[in-house]
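Single-structure report; data block below.
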């Protein structure tokens with residue numbers, strides 16, 4: 001289920017967007033400050049960010065610039081009342097993927113989100129590397145310093161999700177969702193067992209843990 005971040009300081013519009021998007025089946029986090037966007041994006045993996053330019057405490061443009069300077073490639077749709085060409089250019093130059101002018105048409109917004117999700121799927125790389133570890137998604141092969149590492153099916157799926165969301169925490173619930181269908185019984189220690197095994201194979205420091213946040217590869221502990 002795609003997860004969206006909506007950053008909008010107009011309380012009525014923010015709530016309306018959240019309700020409409022949740023009705024469409026998205027998981028939606030709603031914030032109203034620019035600095036909170038950076039904090040949320042550092043610990044959560046979002047599929048699309050909807051970002052108002054005129055946010056308090058840090059403008060949407062500055063938040064976007066900092067996201068991009070940190071190599072966060074999450075698709076960002078700018079939402080703003082400013083519709084002049086220089087404003088559009090500034091947003092796109094800061095790293096925005098799309099631009100929506102207020103008043104927001106919720107049907108058009110939903111279509112633009114779907115478009116970004118399709119583009120994101122097409123941009124998925126065939127492989128990803130974090131430090132000395134590389135995971136080939138096409139061949140389902142993991143290597144450490146160029147040497148192949150044998151993985152069970154569950155270990156591979158846990159590692160694949162962590163690698164795709166490198167430098168962000170992934171919750172235990174998200175990892176369980178990667179392994180089990182909704183109607184399957186979930187073994188309580190499956191994730192812990194898989195993480196422990198992956199640490200034995202790739203090094204204890206490769207996967208970090210933070211209470212309440214989950215697991216992460218390729219980043220520093222908070």
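Between the Cα long axis of helix 11-23 and the first principal axis of the chain there is an angle of about 50°, rounded to the nearest 10. Each principal axis of the Cα cloud of the chain was evaluated for its coordinate range; sorted largest first, these ranges are 55, 37, 31 Å. Every pair of different Cα atoms in the range 69-172 enters the Kirkwood calculation, which places the hydrodynamic radius at 16.5 Å.
Taking the chain as the reference, fit the longest principal axis to its C-alpha atoms, fit the long axis of helix 60-69 to the helix C-alpha atoms, and give the angle between the two in degrees, 0 to 90, nearest 10. Roughly 30 degrees, rounded to the nearest 10. Here the range 1-47 yields Rg over Rh of 0.96, to two decimals, using C-alpha coordinates and the Kirkwood radius. Overall dimensions of the range 90-150, expressed as equivalent-ellipsoid semi-axes from the Cα gyration tensor (√(5λ), whole Å, largest first), are 38, 14, 7.
When a/c reaches 1.5 or more, the comparison of a/b and b/c decides; with that in mind, is the range 3-123 rounded, prolate or oblate per its Cα gyration tensor? The shape class here is rounded. For the chain, take the longest principal axis of its alpha carbons; what is the angle in degrees between that and the long axis of helix 153-164, to the nearest 10 within 0 to 90? Approximately 40 degrees, to the nearest ten. Computed over the Cα atoms of the range 127-217, the ratio of the radius of gyration to the Kirkwood radius (Rg/Rh) comes to 0.94.
Each value in this text was obtained by applying a stated rule to the coordinates, not by laboratory testing. Quick caveat: nothing in here was measured; it's all calculated off a predicted structure.
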